[in-house]
Amino acid sequence: MNILHMKYAAEVAKAGSINKASEILLIAQPNLSRSIKELEADLGITIFDRSAKGMVLTPEGEEFINYANAILKQINSVEQLYKNGVPIKQRFSVSVPRATYISEAFAQFSKNITSDTAELFYKETNSSRTIKNVLSDGYKLGIVRYAENYDKYFKSMFDEKGLTYEMIAEFRYVILMSKDSPLASLPEIHFSDLDHYISIAHADPYVPTLPTAQVRREELPDTVTRRIFIFERASQFDILSENPQTYMWVSPIPPQTLERYGLTQRICCDNERLYKDFLIYRNDYKLTKLDKQFITEVCMSKRKYLEDILF
């Protein structure tokens, strides 16, 4: 479909006749009539009824002209934007799990934003929301976290939804706690040592096709009797630092964050569950320069903070 022909049809609909539209558009009447007929042939519809009274829109024509006017308005806005010399904004968006090594990477990545006009969107949420953000809410990149035993669930979903996916990190959770926690003084920590403590957990765990209650029960370890579910990562850190009776399973935390909140992290000898972080984006999306810079920062942060606690 020719955009110029669309513009001609919109003008004819507005003027109500070929003659008036040809004068406004400064093109010969026969050429304008031919363009309208070519457009109708391309679309397979009749846009106008020709009569002695002029050009009258058919029901299909009215529907088409409504779409055409909206499209032409957008085209005009884009043309005006760049004809007036407005600089192109740097744009970036990513939806991620609540992970400090990723937020640290984003902080380093933000230093690359040198343009006077830039918009960056960074959303921390669970896997379900991240997938939705990438598929339908305008986020270009996502990072999805899940336990290794759910691998087939997520990869089947990625394939079904038309998502490109690539593993960027694999690790075992460590236990995060206050430096004043009695757990911090133990030479080794086992699952049984956690029985008398309160577990801090994310309030919105997710695995496709499985009920949330079941996913929560399967968090490490599955014998926990006291949990506090919290959405916000900063609130989780506040409680951990203020209440020595609490702990949380997390991906390894950068030293500067541990120092900031008065926390420490320890390996649990009984923990053998692997977690994976997967980068996702739509199959029809081409990574931008900013996207690649962010991915590089995430990989560098992973090597810096995670690799010593992989196995």
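Overview of values
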| item | result |
| --- | --- |
| Evaluation of GLY162 against (1) open to solvent by less than 40 Å² (accessible area, probe 1.4 Å); (2) modelled with pLDDT of 90 or more; (3) at negative phi (one fails), failing number | (3) |
| Qualifying residue in the stretch 171-192 (condition: more than 13 Å from THR264 (Cα to Cα), open to solvent by 70 Å² or more (accessible area, probe 1.4 Å), at pLDDT below 95 and assigned to a helix (DSSP H, G or I)) | yes |
| In the stretch 230-247, residue surrounded by the fewest Cβ atoms within 10 Å (Cβ to Cβ) [restricted to those that are hydrophobic (A, V, I, L, M, F, W, C) and within 22 Å of ARG129 (Cα to Cα)] | ALA234 |
| Per-region count, the stretch 270-292, residues crowded, with 17+ Cβ neighbours inside 10 Å and out of contact with any Gly (no Cβ under 9 Å at 6 or more places or on another chain) | 6 |
| Tally, over the stretch 256-269, of residues that are in contact (Cβ under 8 Å) with a residue 40 or more places away in the chain, surrounded by 14 or more Cβ atoms within 10 Å (Cβ to Cβ) and farther than 15 Å from TYR305 by Cα | 2 |
| Candidate set: the stretch 114-136, residues that are touching a residue at least 24 places away in the same chain (Cβ under 8 Å) and part of a loop (DSSP other than H, G, I, E, B); chosen: the one most open to solvent (accessible area, probe 1.4 Å) | ASP116 |
| Checking SER77 against (1) under 38 Å from the mean Cα position of the chain (by Cα); (2) surrounded by 11 or more Cβ atoms within 10 Å (Cβ to Cβ); (3) among the hydroxyl-bearing types (Ser, Thr, Tyr), the condition it does not meet | (2) |
| Single unsatisfied condition, GLU188 versus (1) of a type in the set (D, E, K, R); (2) within 14 Å of the chain's Cα centre (by Cα); (3) under 30 Å from PRO244 (Cα atoms) | (2) |
| Close pairs (7 angstrom Cβ cut-off, 6 or more residues apart or separate chains): farther than 11 Å from MET55 by Cα in the stretch 1-26, of a type in the set (S, T, N, Q) and surrounded by fewer than 17 Cβ atoms within 10 Å (Cβ to Cβ) anywhere | ALA10/ASN69; SER22/GLN29 |
| Failed item in (1) under 30 Å from LEU120 (Cβ atoms); (2) surrounded by 16 or more Cβ atoms within 10 Å (Cβ to Cβ); (3) not polar (S, T, N, Q), with MET6 passing the rest | (1) |
| Checking ILE143 against (1) assigned to a strand (DSSP E or B); (2) more than 22 Å from GLU170 (Cβ to Cβ), the condition it does not meet | (2) |
| Members of the stretch 270-311 that are closer than 17 Å to PRO252 by Cα and among the basic types (Lys, Arg) | ARG273, LYS276, LYS302, ARG303, LYS304 |
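Residue-wise test of (1) on the phi > 0 side of the Ramachandran plot; (2) open to solvent by 80 Å² or more (accessible area, probe 1.4 Å).
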residue: GLU11; (1), (2): no, no
residue: ILE18; (1), (2): no, no
residue: LEU26; (1), (2): yes, yes
residue: SER35; (1), (2): no, no
residue: ILE45; (1), (2): no, no
residue: SER51; (1), (2): no, no
residue: LYS89; (1), (2): no, yes
residue: ARG98; (1), (2): no, no
residue: ALA105; (1), (2): no, no
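The values are calculated or read from the model by the stated rules, or taken from the named source; none is laboratory data. Not measured: the values here are computed from a predicted model. Virtual Cβ from ideal backbone geometry, glycine too; neighbours counted across all protein chains shown. Heads up: the accessible areas ignore ligands, DNA and RNA and are worked out on the full protein's heavy atoms, side chains in. Shrake-Rupley method; radii C 1.70, N 1.55, O 1.52, S 1.80 Å.
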